[in-house]
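Chemist: Below are the structure tokens for one structure; questions will follow.
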Amino acid sequence: MSLAQVAARLPAEWLLERIAPGRPAHTRRAAYRVLHARGGVLGLRASVELLTDADPGLRRLAAQRVQSLWSPYGPPALPLRDPEVGALLERCTELFGDHVMGRLRSQLGIPRAGSGPIGY
């Protein structure tokens, strides 16, 4: 059985609580690994939360995982035109150049912050 299959069985909020700063480092890392295995918005949410973490290892890993969303060949496995995805991407714009972030938003059908719908 894969980690992704097991991860799908665990409650999201329970896992998110386990990456909180007050938890032991091994608990936080394990919970993050499971959240990332679930992927989608939940994995992105966990990664963005850890971008400002006090643990430099978790910060670096979270940044790498967010950056791995980008591919010139197609959109990441995230819902299209999802406002939460747009808000999460807005919190990690420093990880991408303007061109890449623009392409990523375009692939996902998410307008730039403060603009209208794509194509308008």
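Chemist: Simple spin-label model, 7 Å along Cα-to-Cβ: Ala77 to Val41 in nm?
Modeler: 1.7 nm
Chemist: Using a 1.4 angstrom probe, figure out how much accessible area the chain has per residue, in square angstrom, rounded to the nearest whole.
Modeler: 58 Å²
Chemist: Between Ser106 and Gln67, what's the calculated FRET efficiency when r is the beta-carbon distance and R0 is 22 Å? Round to 0.05.
Modeler: Computed FRET efficiency for Ser106 and Gln67 comes out at 0.80.
Chemist: Sticking with this structure for a sec: If we count every other residue with Cβ under 12 angstrom of Arg91's Cβ, Lys/Arg +1 and Asp/Glu -1, where does the sum land?
Modeler: Residues near Arg91 contribute -3 overall.
Chemist: Now for a different question. Can you give the charge dipole size of the chain about its Cα centre, rounded to the nearest 20 debye, using +1 on the beta carbon of Lys and Arg and -1 on the beta carbon of Asp and Glu?
Modeler: 300 debye
Chemist: Quick one: if you stick a label point 7 Å off each Cα along the C-beta vector at Thr27 and Arg91, how many nm between them?
Modeler: Label-label distance for Thr27 and Arg91, simple model: 2.1 nm.
Chemist: How charged is the neighbourhood of Pro72? Take every other residue with its Cβ under 15 Å from the Cβ of Pro72, and add Lys/Arg as +1 and Asp/Glu as -1.
Modeler: +2
Chemist: Could you please state how large a percent of the accessible area of the chain is carbon and sulfur, counting protein chains only and using a 1.4 Å probe? It would help to have the intermediate numbers written out before the result.
Modeler: Working: 3860 of 6970 Å².
Looking at the chain in its full context, I get 55 percent from C and S.
Chemist: Got a sec? Charge dipole of the chain, +1 on Cβ for Lys and Arg, -1 for Asp and Glu; which of Leu61, Gly102, Gln5 is way out at the positive end?
Modeler: Farthest towards the positive pole: Gln5.
The values are calculated or read from the model by the stated rules, or taken from the named source; none is laboratory data. Bear in mind that the values here come from a model prediction, so they are computed numbers and not experimental data. With ideal geometry, Cβ positions are generated from the backbone for all residues, glycine too; neighbour counts draw on all protein chains shown. Accessible surface areas use protein heavy atoms only, side chains included; no ligands, DNA or RNA. Shrake-Rupley method; radii C 1.70, N 1.55, O 1.52, S 1.80 Å.
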